[in-house]
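Inspection log for the structure reproduced underneath, given as structure tokens.
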Amino acid sequence: MKENVIISTEILLPKTDDMSAWACIACDQFTSEIDYWKELETFVKGKKTTLDLTLPEIYLEDNAEQRIEKINSNIKQYLKDGVFTTNGNGFILTVRKTPYVERRIGLVCAIDLEKYEYSQKSESLIRATEGTIEERIPPRLKIRKNADVEFPHVMVLFDDEKREITEKLFENRNSYKKVYDFTLNMGGGSIEGYYIDDCEKVIEQFMGLLDEKRLVAKYGKDDKFLFAVGDGNHSLATAKTHWNNVKQTLSEQEQENHPARYALVELVNIYDEGIYFEPIYRYVYGVDKNKFIDGLNKVDGGKMQVYADGMLKNSFGKNSLPEGIRAVDAYIKQFIKENGGMVDYVHGESNIKKLVDDNDCAVGVLFDKLDKADLFKYVSQNGAFPRKTFSMGEGVEKRYYLEGRKITK
């Protein structure tokens, strides 16, 4: 098989006068905040929108089968109606402004799923940064296996301390065709996109990050580790699972360039000033909170905080941040198994406090933030972090569904 880790590809954009209605936040955001999604539905009603083409996870228990069938039907209809246009094979340079950062630079391109493994101890060129929960893949797979087009919210990090790749493209952005520039809905900020057609030089620069001397200096070993999945781990794992299924039906030659072999993502330099890590908190509800807290007090959660009854209490264990989270998650899973209840993963201290304050049977567990400079070295030496260890920014800063790519012949 070819050794293409990154490829240029036809990127689909919509023919619409209302890009603000088109682009919608990632499906795994605001999963306990139905008001967000109701307001968004009102805003996009009657307009071309990726909300018609994706499944917010808040609806996974609400007629999911019918919703998935409708999504795939909508994709086919959009294709039939000629909604999409393309500028030919290339990349898209993204420039995102959020309520929290002035600028975040990214590069939308396709990565080779043959070079990606999401196992905890993966040694592939592309790796997960967090543990993958296998049961989260099937509902996403139901959409992808019958979908003609993918719309990514996956953000993949690369480790370019010299800032010589996407930053240089940004400096030269005015020499490229601007393909979009608009305000994102629901307080997401704004985004610009520039079509990049001279892709080979950019690909060579990324491959240059695998220089042996550089890797030994950074990670203590010649670890061929190019990309770390920062957001959308489970969506990319779904794409991998789908490709593994598809390729069983193909000859080796057919596998070479089949569109399902690749996944559209946004590459972002971990040193980009617009990238910062925020902790993800555990919102545990439908439980006897006193019983839950009594048990939690016996767990070494490292440096964590517990919020209940309007009070935030500190706990100082000996575990590191990753191991503390791992221990707390194991306790939550066992407690719910034995006593019932639910857990959700929430961004923002004010958000989790409001959720807990509004529910007499709820507890919040809060953790410190991860230093982003530690990410690549930790994953290289230890494997993936526990699931939901960190978030790249706040919920409204997540990637919006915007660009598409055909994944069927």
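Going by what's in this entry, would VAL356 be described as among the β-branched types (Val, Ile, Thr) and over 22 Å from the mean Cα position of the chain (by Cα)? Answer is yes for this residue.
When every residue of the stretch 232-249 is checked against the conditions, at least one turns out to be among the charged types (D, E, K, R) and part of a helix (DSSP H, G or I). The condition (being more than 21 Å from GLY106 (Cβ to Cβ) and at pLDDT 95 or above) is satisfied by just one residue among ASN359, ASN382, ASN351: ASN359.
Just a yes or no: is a residue in the stretch 131-148 surrounded by 20 or more Cβ atoms within 10 Å (Cβ to Cβ), in contact (Cβ under 8 Å) with a residue 40 or more places away in the chain, in contact with a Phe, Trp or Tyr (Cβ under 6 Å, 6 or more places away or on another chain) and not in a loop (DSSP other than H, G, I, E, B)? Checked against the condition, which is being surrounded by 20 or more Cβ atoms within 10 Å (Cβ to Cβ), in contact (Cβ under 8 Å) with a residue 40 or more places away in the chain, in contact with a Phe, Trp or Tyr (Cβ under 6 Å, 6 or more places away or on another chain) and not in a loop (DSSP other than H, G, I, E, B), the stretch 131-148 yields no hits at all.
Looking across TYR283, TYR262, TYR307, one residue alone is among the aromatic types (Phe, Trp, Tyr), farther than 23 Å from LYS369 by Cα and touching a strand residue (DSSP E or B) at 6+ places or on another chain (Cβ under 6 Å). It is TYR262. Of all residue pairs spaced 6 or more apart or on separate chains, those with beta-carbon atoms under 6 Å, a first member in the stretch 305-318 that is in contact (Cβ under 8 Å) with a residue 40 or more places away in the chain and closer than 13 Å to ARG282 by Cβ and a second member that is in a strand (DSSP E or B) and of a type in the set (D, E, K, R) are VAL306/LYS313.
I need the full set of residues from the stretch 24-54 which are among the hydrophobic types (A, V, I, L, M, F, W, C) and surrounded by fewer than 19 Cβ atoms within 10 Å (Cβ to Cβ), in order please. The answer is ILE34, PHE43. Pairing residues of the stretch 60-89 that are of a type in the set (Asp, Glu) with residues that are part of a helix (DSSP H, G or I), at Cβ distances under 8 Å and at least 6 apart in sequence or on separate chains, gives GLU65/LYS142. Among the residues of the stretch 6-47, just one is of a type in the set (Lys, Arg) and closer than 25 Å to ILE196 by Cβ, namely LYS15. Against the list (1) buried (at least 19 other Cβ atoms within 10 Å of the Cβ); (2) over 20 Å from the mean Cα position of the chain (by Cα), the condition ARG67 fails is (1).
Restricting the stretch 149-177 to residues that are acidic (Asp, Glu) and either touching a helix residue (DSSP H, G or I) at 6+ places or on another chain (Cβ under 9 Å) or in contact (Cβ under 8 Å) with a residue 40 or more places away in the chain (or both), which is surrounded by the most Cβ atoms within 10 Å (Cβ to Cβ)?
Of the residues in the stretch 149-177, the ones acidic (Asp, Glu) are 150, 159-161, 164, 167, 171.
Okay, now just the ones that are also either touching a helix residue (DSSP H, G or I) at 6+ places or on another chain (Cβ under 9 Å) or in contact (Cβ under 8 Å) with a residue 40 or more places away in the chain (or both), so 150, 159-161, 164, 167.
Values: GLU150: 28, ASP159: 21, ASP160: 19, GLU161: 12, GLU164: 12, GLU167: 15.
Of everything passing the filter in the stretch 149-177, GLU150 is surrounded by the most Cβ atoms within 10 Å (Cβ to Cβ).
The values are calculated or read from the model by the stated rules, or taken from the named source; none is laboratory data. All of these numbers come straight from a predicted model, not from anything done at the bench. All Cβ positions, glycine included, derive from the backbone under ideal geometry; neighbour counts span all protein chains shown.
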